[in-house]
Amino acid sequence: MLESGRITLKEYESAQKGDIFDRNEDEIRAGRIGSMLGVAEPEKINRLQRIAVEESRLHIPLLIGCDVIHGFNTVFPTPLAESCCFDDELFEQTATVSAKEARAAGINWIFAPMIDISRDARWGRIAESMGQDTFLAQRYAERKVKGYQGDDLSSKEKIACCAKHFLAYGACEGGKDYNSVDMSFSKLYDVYLPPFKNAIDAGVASVMTSFNDINGVPVTTNKRLLKSLLREDLGFEGVVVSDASAIEETVNHGYSANSLEAAKNALDAGVDVDMISRSYIDFLEELLKQKRIKIEDIDNAVRNVLRLKIALGLFDNPYCDEKELAAISCKKEHLNLAKKSALHSTVLLKNNGVLPINKNKFKNILLIGELGAKISENYGCWAFYGKDEYAVTLKSALEKEGVNYAECYGVKKDFDEQEFKAAAANADLIIATFGENSSMSGEAHSYADISLSKPQKKAVRYLKNSKIPFISVLYNGRPMCIPELDEDSDAVIEAWQLGTKAGEALADIIFGRFNPYGKLTTNFPYKSGECPSYYNHMSTGRPASSNSAPWTSKYDDGRVKPVYSFGQGLSYTDFEYSNLKLEKQKNFVKVSVKVANVGKVDGHETVQLYIHDKFASKVRPVRELKGYKKVFLKRGESKKIEFDLPYDNLGFYNENLEYVVEKGEFEVFVGTDSLCTYKAEFTL
Ligand code: BGC
């Protein structure tokens, strides 16, 4: 059983009064808890391990699990933000540092990477994902597992990780958290499954089941998904853990008649660890006595967990060095990486030339808005352990550049006209923050309306009327509907929640010390009602060519194109693509293209390769990402970029769930974003 170490409010109040409570300690002593979550202090973890090892009957050390989703003491950009760097090395490096810090705290198991494909921006957990593309998620999954786990889990710098949430949690209906999923198995296999296969092939130690049901069967009690697919087809041999209380919740789903049946159904499906619900600890013994479950199934589950504990070296040494965390936490190289990942995750969405700011031209710059002034807004969801003393807000970074600050409005705080008038009286340029608070995305934070709040819309109107040029800096966990920012601002920077070094990174970009190049990994729809909006949607019989094209697939009050599309992101320089060539080889097509930096400054570009299967026995997406390469080009420099596009990557699952690569014509698009039109064709 996996128990939560998070305490209730009542327990907290009693601890404040000096009371000691040892609910979990007694349970560990009695051998009823085999793993914990929500404890992250080395001394406390060692105390719990000591009880398990020295005072329990079987002396088995504990798994100490934790949601280290985007860093521990050093906070990196949220996964959705980080995905925008399209940099496999960076994905691995941030995981490596997160593993080091967390393991030093005594944690040995983390509940990441989250590799749910998320196409609906209303879903708050899109912030924890790497967006809407399967190909990118596959690379991300592989590198995260490598970074967290390395080759040896017993190393004090590595940690067991957990691919979650198996399966299709990101496809919850209407973007409403915990909601149902109903979809064809071929779509499940094409879109949602592949990242899990990559994580498993990379050796991921555990997999977490998702809260949702798929086609009427909760995943946590779904034999077809957990036994046939995960264990048999994908060959997963590690630990399967339920999500928090998910076993018990199959009763709410109306699938299990009661908690006892829930325990039986989950064990039958192959769940090894019950997170929090207590169904296993309370009912497995009884079920065994009733001969309704087999001891072999319990043995198997126990064996899977023990194998992990052995691999982690816990039987040799269950304790952490209590001084280690303080020695390595937020050390210089970790903070440098936090800054680098923040720089590389930022996406420049619009720029009429105001950026980078020329200090000779603008002498009186004003920052407004609540979001740039609070450390908590740097962090985003699941960043409980960030060390505030190292965090840099946009406000503190810009003040060093001589920029003034006045709050004037917040996400929910009304726009203060008087404050704005006074503060902006002499301003010749305004930097205004917009978006949502950190607490508005993540688990259980779905929103039906993802446009700017009323106070923020009012701020945009005032800014526009003031005639002072303004740069919008967006803080958000999810894509938002921001047509007014795109129309009215002079520049728009997508700053997401960039972690510990958010402010420093943004200041470097704003003043041109770093040339941004991040690319979106989700669409930004025009209106909330357009969700889900994703670039790789299926070809319809009536594609819409314009907002006014009658009888076509579109919203009359919406827009055919999102405000910003997948893959989009600007630079302070310009890139030109030429010489696109395809050469067919035995097992792949060699794609080559010349990319030239034709602008005025050096910069990175993410060269993107998309395909379109023109005709197939099953309708195919209008575009599919099949390759990306990050390249650095000095001003005036050009390079030949090559991709090997394996024929094996061109297929899909048919209705019999066979993976097929069909002969036919394929278009290959290469360029700077998912809207690129530069293409060549080949026939397979
Ligand atoms: C979330 C998981 C998380 C778990 C443990 C659940 O509510 O869905 O992603 O790992 O809690 O905190």
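The values are calculated or read from the model by the stated rules, or taken from the named source; none is laboratory data. Bear in mind that the values here come from a model prediction, so they are computed numbers and not experimental data. A quick note on method: Cβ atoms are made from the backbone with ideal geometry, for glycine too, and the neighbour counts reach across all protein chains shown.
The residues in region 375-395 that are crowded, with 18+ Cβ neighbours inside 10 Å and either over 28 Å from the mean Cα position of the chain (by Cα) or assigned to a loop (DSSP other than H, G, I, E, B) (or both) can be counted, and the count is 10.
Scanning region 117-156 for residues that are within 16 Å of Pro532 (Cα to Cα) and among the hydroxyl-bearing types (Ser, Thr, Tyr) yields Ser118, Ser129, Thr134. Step by step: first the residues of region 396-417, then only those that are within 28 Å of the chain's Cα centre (by Cα) and in a loop (DSSP other than H, G, I, E, B), then the one that is farthest from Ala373 (Cα to Cα). Which residue is that? That would be Lys412. Counting only residues that are of a type in the set (Val, Ile, Thr) and either surrounded by fewer than 24 Cβ atoms within 10 Å (Cβ to Cβ) or away from the ligand (no atom under 16 Å from the Cβ) (or both), which one in region 187-217 is farthest from Ile276 (Cα to Cα)? Filtering first and then ranking leaves Val191. Across region 246-270, the qualifying residues are those that are free of Cβ contacts under 8 Å to residues at least 40 places away in the same chain and surrounded by fewer than 18 Cβ atoms within 10 Å (Cβ to Cβ), and the one among them that is nearest to the ligand (Cβ to nearest atom) is Asn252.
Residue by residue, here is whether (1) within 26 Å of Val563 (Cβ to Cβ); (2) within 16 Å of the ligand (Cβ to nearest atom); (3) part of a helix (DSSP H, G or I); (4) in contact with a helix residue (DSSP H, G or I) (Cβ under 8 Å, 6 or more places away or on another chain) holds:
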site: Glu419; (1), (2), (3), (4): no, no, yes, no
site: Ala422; (1), (2), (3), (4): no, no, yes, no
site: Ile430; (1), (2), (3), (4): yes, no, no, yes
site: Ser446; (1), (2), (3), (4): yes, yes, no, yes
site: Asp449; (1), (2), (3), (4): yes, no, no, yes
site: Pro455; (1), (2), (3), (4): yes, no, yes, no
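State the number of residues belonging to region 463-480 that are part of a loop (DSSP other than H, G, I, E, B), among the basic types (Lys, Arg) and surrounded by fewer than 24 Cβ atoms within 10 Å (Cβ to Cβ). Residues flagged as part of a loop (DSSP other than H, G, I, E, B), among the basic types (Lys, Arg) and surrounded by fewer than 24 Cβ atoms within 10 Å (Cβ to Cβ) within region 463-480 amount to 1. Residues in region 131-177 that are part of a loop (DSSP other than H, G, I, E, B) and buried (at least 19 other Cβ atoms within 10 Å of the Cβ): how many? Looking only at that region, the number is 10. Beta carbons closer than 7 Å, at least 6 apart along the sequence or on distinct chains, pair a first residue in region 629-649 that is in contact (Cβ under 8 Å) with a residue 12 or more places away in the chain with a second that is surrounded by fewer than 16 Cβ atoms within 10 Å (Cβ to Cβ) and basic (Lys, Arg) for Arg635/Lys600; Ser638/Lys594; Lys640/Lys594; Glu642/Lys590; Asp644/Lys590. Counting only helices (runs of 4 or more DSSP H) wholly contained in region 18-127, the ones carrying 2 or more residues that are buried (at least 24 other Cβ atoms within 10 Å of the Cβ) occupy 79-83, 88-104.
Taking the stated definitions as given, is Ala141 more than 14 Å from the ligand (Cβ to nearest atom) and closer than 30 Å to Ala448 by Cα? So Ala141 passes the test.
The residues in region 127-148 that are under 11 Å from the mean Cα position of the chain (by Cα) and among the acidic types (Asp, Glu) can be counted, and the count is 1.
Criterion applied to Leu193, Leu234 was being touching a helix residue (DSSP H, G or I) at 6+ places or on another chain (Cβ under 6 Å) and either within 27 Å of Glu3 (Cα to Cα) or of a type outside the set (Ser, Thr, Tyr) (or both), and the one residue passing it is Leu234. Look at region 593-618: where a residue is outside the structural domain of Asp133 (by TED's automatic domain parsing) and at pLDDT 95 or above and a partner is part of a strand (DSSP E or B) and of a type in the set (Ser, Thr, Tyr), sitting 6+ places away or on another chain with Cβ atoms under 6 Å, you get Val593/Tyr577; Lys594/Ser578; Lys594/Ser638; Val595/Tyr577; Ala596/Ser638; Thr606/Tyr628; Gln608/Tyr628. Scanning region 109-126 for residues that are over 14 Å from the mean Cα position of the chain (by Cα) and away from the ligand (no atom under 15 Å from the Cβ) yields a single hit, Arg122. Contact map, region 208-232: first residue at pLDDT 95 or above, second residue more than 16 Å from the ligand (Cβ to nearest atom) and basic (Lys, Arg), Cβ cut-off under 8 Å, separation 6 or more or different chains; pairs are Val217/Arg224. Checked against the criterion of being out of contact with any Ser or Thr (no Cβ under 7 Å at 6 or more places or on another chain) and either within 19 Å of Thr221 (Cα to Cα) or of a type in the set (A, V, I, L, M) (or both), the candidates Ile298, Ile247, Ile276 yield just one match: Ile298.
Outside any helix (DSSP H, G or I), surrounded by 21 or more Cβ atoms within 10 Å (Cβ to Cβ) and in contact with a Leu (Cβ under 6 Å, 6 or more places away or on another chain): does that describe Pro516?
Yes.
Every test in (1) more than 21 Å from the chain's Cα centre (by Cα); (2) in a loop (DSSP other than H, G, I, E, B) is passed by Asn536 save one, and that test is (1). Listed here are the strands (runs of 3 or more DSSP E) enclosed by region 547-614 that have at least 2 residues being over 24 Å from Asn523 (Cα atoms): 575-584, 588-597. Within 14 Å of the ligand (Cβ to nearest atom) and in contact (Cβ under 8 Å) with a residue 24 or more places away in the chain, is that true of Asp133? Considered against the rule, which asks whether it is within 14 Å of the ligand (Cβ to nearest atom) and in contact (Cβ under 8 Å) with a residue 24 or more places away in the chain, Asp133 comes out as no.
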